[in-house]
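Structure, as C-alpha coordinates:
The values are calculated or read from the model by the stated rules, or taken from the named source; none is laboratory data. No experiment lies behind these values; they were computed from the predicted model shown. Glycine also receives a Cβ, built like all others from the backbone with ideal geometry; neighbour counts cover every protein chain displayed.
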Amino acid sequence: MSGLVNSPPGGGTENASGIIVRVRPLTETSLVIHWLSPELGRLATVAKGARRPKSPLRGKLDVFFEADFSFARSRRSELHRLREVVVRETHEPLRRELARLRQVAYAAALIEQTTEPATPLPAITGLFVSFVRWVSGTEPRARHVLAFELRLLRELGLAPDAGESRLNPAARELLAQLTEVPWAELGALRPEPGTARAVRQFLHGFLVYQFGRLAAGRAAALGAG
(Lines give C-alpha, C1' and ligand atoms only; values in the text may rest on other atoms or scores of the structure.)
Protein backbone atom coordinates (compact mmCIF):
# COMPACT_ATOMS: atom_id res chain seq x y z
CA MET A 1 0.00 0.00 0.00
CA SER A 2 1.47 3.38 -0.98
CA GLY A 3 0.45 6.96 -0.27
CA LEU A 4 0.15 9.28 -3.28
CA VAL A 5 0.04 13.04 -2.84
CA ASN A 6 -0.66 15.01 -6.01
CA SER A 7 -1.06 18.53 -4.65
CA PRO A 8 1.21 20.61 -2.42
CA PRO A 9 0.12 21.31 1.17
CA GLY A 10 -2.04 24.35 1.71
CA GLY A 11 -4.58 24.02 -1.06
CA GLY A 12 -6.28 21.83 -3.63
CA THR A 13 -7.12 18.17 -3.32
CA GLU A 14 -4.62 15.54 -2.24
CA ASN A 15 -4.84 11.83 -2.98
CA ALA A 16 -3.51 9.17 -0.64
CA SER A 17 -3.94 5.59 0.46
CA GLY A 18 -4.12 4.39 4.02
CA ILE A 19 -5.90 2.40 6.68
CA ILE A 20 -8.52 3.77 9.06
CA VAL A 21 -7.40 3.43 12.68
CA ARG A 22 -10.18 5.31 14.47
CA VAL A 23 -13.66 6.67 13.76
CA ARG A 24 -15.60 9.01 16.01
CA PRO A 25 -18.76 11.10 15.60
CA LEU A 26 -18.34 14.84 15.16
CA THR A 27 -21.97 15.89 14.74
CA GLU A 28 -25.26 14.10 14.13
CA THR A 29 -24.32 13.76 10.46
CA SER A 30 -20.51 13.90 10.32
CA LEU A 31 -17.56 11.76 11.38
CA VAL A 32 -13.90 12.25 12.17
CA ILE A 33 -11.77 9.62 10.44
CA HIS A 34 -8.23 8.96 11.65
CA TRP A 35 -5.93 7.47 9.01
CA LEU A 36 -2.51 5.87 8.99
CA SER A 37 -0.80 6.48 5.66
CA PRO A 38 2.75 5.67 4.50
CA GLU A 39 3.55 9.12 3.13
CA LEU A 40 1.28 11.25 5.32
CA GLY A 41 1.55 9.36 8.59
CA ARG A 42 -1.29 9.91 11.04
CA LEU A 43 -3.94 12.15 9.51
CA ALA A 44 -7.40 13.23 10.69
CA THR A 45 -10.18 14.04 8.23
CA VAL A 46 -13.78 15.22 8.59
CA ALA A 47 -16.35 13.25 6.63
CA LYS A 48 -19.17 15.77 6.41
CA GLY A 49 -22.61 14.24 6.05
CA ALA A 50 -21.20 10.69 6.14
CA ARG A 51 -23.92 9.55 8.55
CA ARG A 52 -26.74 10.60 6.25
CA PRO A 53 -28.51 7.67 4.52
CA LYS A 54 -27.75 8.93 1.01
CA SER A 55 -24.16 10.03 1.61
CA PRO A 56 -21.68 8.70 -0.99
CA LEU A 57 -19.36 7.96 1.96
CA ARG A 58 -21.88 5.84 3.85
CA GLY A 59 -20.62 2.27 4.35
CA LYS A 60 -17.07 3.17 3.32
CA LEU A 61 -15.75 4.39 6.66
CA ASP A 62 -15.10 1.83 9.36
CA VAL A 63 -12.07 0.96 11.45
CA PHE A 64 -9.34 -0.98 9.69
CA PHE A 65 -10.71 -0.47 6.20
CA GLU A 66 -7.87 -0.04 3.71
CA ALA A 67 -8.73 2.59 1.13
CA ASP A 68 -7.64 5.18 -1.38
CA PHE A 69 -8.97 8.60 -0.44
CA SER A 70 -8.85 12.26 -1.38
CA PHE A 71 -9.07 15.24 0.93
CA ALA A 72 -8.78 19.02 0.99
CA ARG A 73 -6.11 20.16 3.41
CA SER A 74 -7.21 22.72 5.99
CA ARG A 75 -5.09 25.81 6.54
CA ARG A 76 -6.57 26.47 9.97
CA SER A 77 -6.64 23.13 11.77
CA GLU A 78 -5.40 19.54 11.75
CA LEU A 79 -8.83 18.32 10.61
CA HIS A 80 -8.93 18.11 6.82
CA ARG A 81 -12.04 17.64 4.70
CA LEU A 82 -12.50 14.15 3.30
CA ARG A 83 -13.82 14.13 -0.26
CA GLU A 84 -13.81 10.64 -1.78
CA VAL A 85 -13.05 7.12 -0.60
CA VAL A 86 -12.46 3.92 -2.57
CA VAL A 87 -12.37 0.92 -0.24
CA ARG A 88 -9.74 -1.70 -1.08
CA GLU A 89 -10.09 -4.11 1.83
CA THR A 90 -12.51 -4.31 4.78
CA HIS A 91 -10.87 -7.10 6.81
CA GLU A 92 -14.30 -8.50 7.56
CA PRO A 93 -13.02 -11.37 9.80
CA LEU A 94 -12.07 -8.77 12.42
CA ARG A 95 -15.77 -8.01 12.89
CA ARG A 96 -16.66 -11.64 13.46
CA GLU A 97 -14.33 -12.31 16.39
CA LEU A 98 -13.80 -9.91 19.27
CA ALA A 99 -10.35 -11.27 20.13
CA ARG A 100 -9.03 -10.33 16.69
CA LEU A 101 -10.54 -6.87 16.88
CA ARG A 102 -9.02 -6.28 20.31
CA GLN A 103 -5.55 -7.17 19.07
CA VAL A 104 -5.69 -4.83 16.10
CA ALA A 105 -7.29 -2.03 18.16
CA TYR A 106 -4.47 -2.26 20.69
CA ALA A 107 -1.84 -2.14 17.94
CA ALA A 108 -3.48 1.02 16.56
CA ALA A 109 -3.57 2.58 20.04
CA LEU A 110 0.12 1.79 20.53
CA ILE A 111 1.00 3.51 17.25
CA GLU A 112 -1.04 6.56 18.22
CA GLN A 113 0.73 6.67 21.58
CA THR A 114 4.25 6.39 20.19
CA THR A 115 4.21 8.49 16.99
CA GLU A 116 3.58 12.10 16.05
CA PRO A 117 0.85 13.16 13.60
CA ALA A 118 1.64 14.46 10.11
CA THR A 119 4.97 12.60 9.94
CA PRO A 120 5.61 10.06 7.16
CA LEU A 121 5.47 6.53 8.57
CA PRO A 122 6.06 4.14 5.67
CA ALA A 123 7.67 1.34 7.68
CA ILE A 124 5.24 1.56 10.58
CA THR A 125 2.24 1.70 8.24
CA GLY A 126 3.56 -1.36 6.43
CA LEU A 127 4.06 -3.16 9.74
CA PHE A 128 0.55 -2.33 10.91
CA VAL A 129 -1.09 -3.38 7.64
CA SER A 130 0.80 -6.68 7.65
CA PHE A 131 -0.32 -7.26 11.25
CA VAL A 132 -3.96 -6.49 10.43
CA ARG A 133 -3.89 -8.85 7.46
CA TRP A 134 -2.29 -11.61 9.51
CA VAL A 135 -4.64 -11.29 12.47
CA SER A 136 -7.63 -11.21 10.10
CA GLY A 137 -6.75 -14.60 8.71
CA THR A 138 -5.49 -16.61 11.64
CA GLU A 139 -6.38 -17.70 15.15
CA PRO A 140 -5.62 -14.87 17.59
CA ARG A 141 -2.66 -15.60 19.84
CA ALA A 142 -0.95 -13.47 22.47
CA ARG A 143 2.41 -14.01 20.77
CA HIS A 144 1.18 -12.03 17.75
CA VAL A 145 0.72 -8.98 19.97
CA LEU A 146 4.14 -9.40 21.59
CA ALA A 147 5.71 -9.73 18.15
CA PHE A 148 3.98 -6.55 17.00
CA GLU A 149 5.22 -4.66 20.07
CA LEU A 150 8.80 -5.75 19.46
CA ARG A 151 8.70 -4.91 15.75
CA LEU A 152 7.19 -1.50 16.41
CA LEU A 153 9.87 -0.78 19.01
CA ARG A 154 12.50 -1.72 16.44
CA GLU A 155 11.01 0.67 13.86
CA LEU A 156 11.00 3.42 16.50
CA GLY A 157 14.69 2.79 17.22
CA LEU A 158 13.85 1.55 20.72
CA ALA A 159 14.39 -2.19 20.42
CA PRO A 160 15.22 -3.66 23.84
CA ASP A 161 18.72 -5.02 24.35
CA ALA A 162 18.07 -8.52 25.64
CA GLY A 163 21.73 -8.89 26.56
CA GLU A 164 21.38 -6.16 29.18
CA SER A 165 18.19 -7.58 30.65
CA ARG A 166 17.72 -10.11 33.43
CA LEU A 167 15.97 -12.53 31.10
CA ASN A 168 17.27 -16.08 31.03
CA PRO A 169 18.70 -17.50 27.77
CA ALA A 170 15.41 -19.12 26.73
CA ALA A 171 13.50 -15.86 27.17
CA ARG A 172 16.19 -13.94 25.27
CA GLU A 173 15.91 -16.40 22.41
CA LEU A 174 12.12 -16.04 22.36
CA LEU A 175 12.49 -12.26 22.32
CA ALA A 176 14.69 -12.53 19.22
CA GLN A 177 12.32 -14.98 17.53
CA LEU A 178 9.28 -12.79 18.12
CA THR A 179 11.16 -9.89 16.55
CA GLU A 180 12.48 -11.68 13.48
CA VAL A 181 10.33 -14.70 12.60
CA PRO A 182 7.76 -14.13 9.80
CA TRP A 183 4.14 -13.89 10.96
CA ALA A 184 3.29 -17.23 9.36
CA GLU A 185 5.98 -19.02 11.38
CA LEU A 186 5.07 -17.66 14.81
CA GLY A 187 2.64 -20.52 15.35
CA ALA A 188 5.50 -23.01 15.20
CA LEU A 189 7.18 -21.53 18.28
CA ARG A 190 6.78 -23.70 21.37
CA PRO A 191 8.07 -21.71 24.36
CA GLU A 192 7.60 -22.98 27.88
CA PRO A 193 4.80 -21.16 29.72
CA GLY A 194 7.29 -19.59 32.11
CA THR A 195 9.41 -18.31 29.22
CA ALA A 196 6.43 -16.72 27.47
CA ARG A 197 5.30 -15.17 30.75
CA ALA A 198 8.76 -13.71 31.37
CA VAL A 199 8.82 -12.06 27.93
CA ARG A 200 5.32 -10.67 28.41
CA GLN A 201 6.24 -9.17 31.79
CA PHE A 202 9.52 -7.82 30.45
CA LEU A 203 7.75 -6.00 27.63
CA HIS A 204 5.15 -4.64 30.06
CA GLY A 205 7.90 -2.99 32.08
CA PHE A 206 9.85 -1.87 29.02
CA LEU A 207 6.83 -0.15 27.46
CA VAL A 208 6.01 1.66 30.70
CA TYR A 209 9.65 2.74 31.03
CA GLN A 210 9.78 4.09 27.47
CA PHE A 211 6.36 5.73 27.22
CA GLY A 212 5.21 6.33 30.79
CA ARG A 213 2.17 4.06 30.57
CA LEU A 214 0.69 1.21 28.58
CA ALA A 215 -1.49 1.95 25.58
CA ALA A 216 -5.16 1.17 26.13
CA GLY A 217 -6.26 -2.39 25.54
CA ARG A 218 -3.06 -4.36 26.11
CA ALA A 219 -4.48 -6.76 28.69
CA ALA A 220 -7.51 -7.53 26.51
CA ALA A 221 -5.31 -8.02 23.43
CA LEU A 222 -3.08 -10.47 25.27
CA GLY A 223 -6.06 -12.35 26.65
CA ALA A 224 -6.19 -14.42 23.46
CA GLY A 225 -3.75 -16.89 24.99
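Residues that are under 14 Å from Ile33 (Cα atoms) and either touching a residue at least 40 places away in the same chain (Cβ under 8 Å) or part of a helix (DSSP H, G or I) (or both) within the stretch 82-101 comprise Leu82, Arg83, listed in sequence order.
The listed residues are Arg151, Arg190, and the only one of them that is under 19 Å from Gln113 (Cβ atoms) and basic (Lys, Arg) turns out to be Arg151.
If you go through the stretch 131-142 and pick out every residue that is touching a Gly at 6+ places or on another chain (Cβ under 8 Å) and either of a type in the set (Phe, Trp, Tyr) or in a helix (DSSP H, G or I) (or both), you end up with 1. State the number of residues belonging to the stretch 17-61 that are farther than 19 Å from Ala118 by Cβ and either surrounded by 20 or more Cβ atoms within 10 Å (Cβ to Cβ) or in contact with a helix residue (DSSP H, G or I) (Cβ under 8 Å, 6 or more places away or on another chain) (or both). Of the residues in the stretch 17-61, 5 are farther than 19 Å from Ala118 by Cβ and either surrounded by 20 or more Cβ atoms within 10 Å (Cβ to Cβ) or in contact with a helix residue (DSSP H, G or I) (Cβ under 8 Å, 6 or more places away or on another chain) (or both). If the condition is being touching a residue at least 40 places away in the same chain (Cβ under 8 Å), hydrophobic (A, V, I, L, M, F, W, C) and either in a helix (DSSP H, G or I) or buried (at least 17 other Cβ atoms within 10 Å of the Cβ) (or both), then the stretch 162-217 contributes Trp183, Ala184, Leu186, Ala196, Val199, Phe202, Leu203, Phe206, Leu207, Phe211, Ala215.
Within the option set Ala72, Ala118, being farther than 21 Å from Phe211 by Cα and either in the same structural domain as Ser30 (by TED's automatic domain parsing) or at pLDDT below 95 (or both) holds for one residue only, Ala72.
Somewhere in the stretch 107-130, is a residue in contact with a Gly (Cβ under 8 Å, 6 or more places away or on another chain), surrounded by 21 or more Cβ atoms within 10 Å (Cβ to Cβ) and over 14 Å from Trp35 (Cα atoms)? Taking every residue of the stretch 107-130 in turn, none turns out to be in contact with a Gly (Cβ under 8 Å, 6 or more places away or on another chain), surrounded by 21 or more Cβ atoms within 10 Å (Cβ to Cβ) and over 14 Å from Trp35 (Cα atoms).
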